[in-house]
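One structure below.
The values are calculated or read from the model by the stated rules, or taken from the named source; none is laboratory data. Worth saying up front: this structure is predicted, and the values here are computed from it rather than measured. Neighbour counts are summed over all protein chains in view; Cβ atoms, including those assigned to glycine, are modelled from backbone coordinates with ideal geometry. These area figures cover heavy atoms from the full protein model, side chains too; ligands, DNA and RNA do not enter into them. Shrake-Rupley method; radii C 1.70, N 1.55, O 1.52, S 1.80 Å.
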Amino acid sequence: MALIAEVFVNLPARRLNHSFTYLVPDELGQIGPGWRVLVPFGGRKAEGFVVSVGEADAAADAELKSIMDAIDDGPWFTDQMLAVAAWISEYYLCTPAEAMRLFVPGKAGIKSATVYRATGLAAEEFLTGRPPLAGKVYAAVSAGPRTLAQLTGEFDSGAAAVLRLLVRHGLVAAKATARRTARTQYRTYWRLAVDEAAATSFLANLKGRQAQGRLLAALLADGRLGPEDLKRLKVAATTTKSLEAAGLVAAEREAVVRDSYAGAATGALIPAPTEEQRAVLAALLPAVQAKRFESFLLHGVTGSGKTQVYIEAAAAARAAGRQVVVLVPEIALTGQIVTRFKARFGDDVVVAHSKLSVGERYDAWQRLRSGTAGIVIGARSAVFAPVPDPGLFVIDEEQEFTYKQEESPRYHTREVALKRAALAGAAVVLGSATPAVETYHDACAGRHRLLAMPSRVDGSPLPVVQVVDMREELKAGRRSVISAPLRELLTETVDRREQAILFLNRRGYATFVLCRDCGEVMRCGRCAVSLVYHAAGNVLRCHYCQACQPAPDVCPACGSRYIRYFGTGTQKVEEELAALLPAARVVRMDQDTTGGKMAHDRILSAFAAGRYDILLGTQMVAKGHDIKQVTAVGVISADTSLYLPDFRAAERTFMLLTQAAGRAGRGGAPGRVVVQTYSPEHYAVQAGARHDYAAFYEEELACRRELGYPPFASLVKLTVQGEDEVKARRQAEETAAALRARLPDKTMVVGPFAAPIARISDIYRLHILIKTTDTAAARAAFKALGLEKRSDIAIDVDPVNVM
DNA sequence: AGCACGCCGACT
DNA sequence: GTCGGCGTGCTC
């Protein structure tokens with residue numbers, strides 16, 4: 001009886017949500033669930049994921065094709081990983097292959113391509129009278145095998161049509177190829193294969209073969225030589241080959257680990273845990289040691305020493321022989337966690353981040369797979385690290401929205417980690433100074449055990465926050481974006497040779513540009529947003545499609561010269577600071593100044609080294625790093641995030657204020673914070689100023705209950721997209737109507753309504769929002785309507801924003 | 001995703 | 001009449 005395998009093909013087509021059946025050839029009898037394989041698929045080769053293997057039943061299996069090869073030398077997926085992928089596919093409504101490829105570095109283990117070569121058939125007759133492009137393409141293909149991409153690059157897109165013609169007439173043959181994208185890299189070392197005496201006597205009788213002589217002499221001296229040594233000695237491959245053939249030297253292959261973090265400092269002193277930390281660990285460690293699933297919400301103020309708790313918990317998991325996954329919102333901004341884990345655990349730690357090359361990531365994954373490394377630290381994708389035996393998942397700053405993947409599959413890292421941990425019997429630590437409202441609610445409901453660390457390790461008090469009512473500023477005749485109290489704070493700080501951080505959630509110079517004669521606002525031609533003026537380069541830029549155009553001198557609509565710039569971006573604040581505090585050295589950090597690879601680090605370390613007095617920037621300056629001399633923080637406008645059309649706007653604002661305030665005064669000196677706002681009475685601002693999470697939570701929870709938002713209902717956001725505005729709207733309306741007809745009473749279908757940014761890059765976007773307490777029914781309705789297979793509809797389960 | 005099949009406009 | 005446009009459907 002033949003063996004057959006159920007295989008999901010790793011292609012990004014939404015309709016491919018079922019498995020395909022393949023024969024397992026005898027020579028691949030070892031294949032089982034979790035293996036990655038190469039399969040023939042529609043005339044080409046594709047990567048496939050085996051989910052099950054069994055005996056073929058009596059049905060006609062003559063039609064089945066055979067698996068061609070295995071990609072790895074063992075299963076890539078453990079049963080738990082397969083189960084998590086199945087859950088993701090089910091919960092977030094993506095194809096199983098889409099969910100499974102999350103676990104694969106570089107999305108796919110193979111790269112397939114179709115290459116074209118000339119068949120050798122007489123071509124002259126065919127080519128006469130054809131367009132010259134046909135002759136050129138044929139000549140190129142005759143010269144050597146080419147891919148379609150190469151040909152269209154060499155000529156133009158017309159090459160595709162020509163190529164099809166040539167293939168149809170049998171002049172050119174197409175052949176499917178596949179190669180592995182990443183594999184273990186080896187280095188070859190050479191050593192003597194005979195004893196020293198034999199080598200010495202051979203060397204004495206060499207006669208002229210100088211390269212061989214150099215190699216043997218070096219081997220007698222060093223014992224073992226690597227590729228660089230051979231290069232230095234000018235020994236070519238032919239030399240080693242002939243000596244190997246003569247039985248004098250032997251090669252050793254060693255797997256290379258590509259790791260740009262290798263050799264980071266180790267051996268730092270670990271302070272003894274504080275009383276609070278000990279209490280938390282007393283709750284945490286037994287779960288880790290007992291290898292049981294339990295989740296903890298570690299609610300600790302900024303500076304309470306959460307990282308040390310993570311480290312101790314990780315040590316316990318390692319002592320229990322299990323592996324650890326540490327998740328951080330953004331690796332570039334959380335260097336300190338990496339440094340401290342490296343200091344404690346050395347090379348047992350691998351760091352995964354998006355800047356790793358595919359090869360580096362593959363090697364990191366291999367080290368985890370084989371158990372040579374036990375701890376992985378990374379951003380959200382590291383939750384898919386192929387650790388065979390995870391014992392602990394840490395999610396630092398669990399409230400961060402970056403944990404939600406914003407493209408399909410739209411998973412939430414926290415939920416994936418909880419799922420993996422539940423299957424593995426592992427502990428989960430969710431760490432935060434300002435937990436997400438849902439998480440805190442879950443903890444209160446007993447889903448997570450709540451652990452609190454309310455005081456700072458160094459005993460320093462939380463900073464004093466002054467809320468400045470910008471309406472009063474205006475009444476007093478002050479129109480600057482920097483209020484009198486903030487100006488005073490900055491002046492004092494700089495005079496005392498201390499440092500300040502200024503936060504503004506808007507880059508660029510002016511947020512919109514308006515003609516005062518006709519009221520025309522400069523807008524992006526492809527997106528429904530206004531253009532932002534950037535003083536650098538004197539250009540207008542679209543922050544959605546990145547399009548850029550020179551700033552006009554006269555209004556393009558009416559020709560008027562009265563063009564005014566409104567709104568405030570980081571560039572404008574930078575300019576105002578220069579006028580207000582000419583002595584202060586200001587450095588700006590936003591997307592525009594951090595383009596380069598290590599630009600973040602460069603700016604931050606220059607600031608930390610005291611080469612600047614004021615760090616001015618967007619979101620990214622509010623996070624993670626702690627710089628000792630910073631005693632003052634200014635929030636230019638708390639309102640930008642407060643009045644976004646989103647039910648999480650208040651939460652976003654509160655988080656921001658708390659984080660920003662957390663930057664001030666961590667080195668012992670008391671910190672001072674100024675928050676500017678037009679809504680000083682808003683509870684998010686008030687609670688943020690008092691560092692009062694409980695007050696914010698109670699108020700916010702009441703609002704959510706009132707409006708039926710999470711955690712009191714689940715949300716699903718559908719985005720209907722299309723180039724044709726009318727068609728897209730009709731599709732959206734039909735979909736909403738179909739859902740209303742089908743969904744139970746516990747469900748509310750809102751919309752369709754135009755997305756807050758109704759058009760991006762010429763694609764119209766409409767939203768439909770589903771609020772439900774019966775997610776299973778909602779999911780069933782989506783499936784019955786086939787929404788998950790539609791390419792014009794994006795489904796976002798548990799969206800982090802509804803914009 | 002690719003690639004084939006299939007049914008309508010502009011050229012020899 | 002052919003070539004070629006890209007809409008629809010399929011890939012074990």
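Observations on the model:
- With 30 Å as the limit, the listed pairs A:LYS419/A:LYS783; A:LYS111/A:LYS241; A:LYS342/A:LYS717; A:LYS572/A:LYS628; A:LYS291/A:LYS628 have A:LYS111/A:LYS241; A:LYS342/A:LYS717; A:LYS291/A:LYS628 beyond it between alpha carbons.
- Counting all C-alpha pairs of segment A:404-453, share separated by more than 17 Å (%): 42 percent
- Taking the 1.4 Å solvent-accessible surface of segment A:275-453 as the whole, the part contributed by carbon and sulfur is 51%.
- Rolling a 1.4 Å probe across the protein heavy atoms gives chain A an accessible surface of 44 Å² per residue.
- Ratio of the Cα radius of gyration of chain A to 2.2 N^0.38 Å, where N counts its residues: 1.11
- The Cα atoms of segment A:714-797 define a convex hull whose projected area, averaged across directions, is 4.9 nm².
- Local electrostatic count at A:ARG611 - Lys and Arg +1, Asp and Glu -1, tallied over other residues with Cβ under 15 Å: +2
- Accessible-area rank, largest first, for A:THR658, A:THR570, A:THR200, A:THR274: A:THR200, A:THR274, A:THR658, A:THR570, with all protein chains present and a 1.4 angstrom probe.
- Given a 1.4 Å probe and the protein chains as shown, A:LYS717 ends up with an accessible area of around 20 Å².
- Degrees, to the nearest 10: A:79-91 long Cα axis against longest axis of chain A: 50 degrees
- Among the protein heavy atoms of segment A:483-592, carbon and sulfur supply 46% of the accessible surface, probe 1.4 Å, non-protein parts ignored.
- Folded to 0 to 90 degrees: helix A:599-608 orientation relative to chain A principal axis, Cα: 50 degrees
- Degrees separating the helix A:725-742 axis from the principal Cα axis of chain A, which is the longest one: 90 degrees
- Counting only protein chain heavy atoms and rolling a 1.4 Å probe, the accessible areas of A:SER142, A:SER530, A:SER370, A:SER295 rank, largest first, as A:SER370, A:SER142, A:SER530, A:SER295.
- The heavy atoms of A:VAL797 offer some 0 square angstrom of accessible surface to a 1.4 angstrom probe.
- Taking chain A and dividing mean pair separation by its residue count, relative contact order in percent (alpha carbons under 8 Å, at least six apart): 10 percent
- Exposure rank, largest accessible area first [A:GLU27, A:GLU47, A:GLU90, A:GLU438; 1.4 Å]: A:GLU27, A:GLU90, A:GLU438, A:GLU47
- Calculated on the Cα set of segment A:509-568, radius of gyration then Dmax: 10.5, 28 Å.
- For A:LYS475, the aspartates and glutamates whose Cα comes closer than 19 Å to its Cα, not counting residues fewer than 8 places off in the same chain, are A:GLU488, A:ASP639, A:GLU681.
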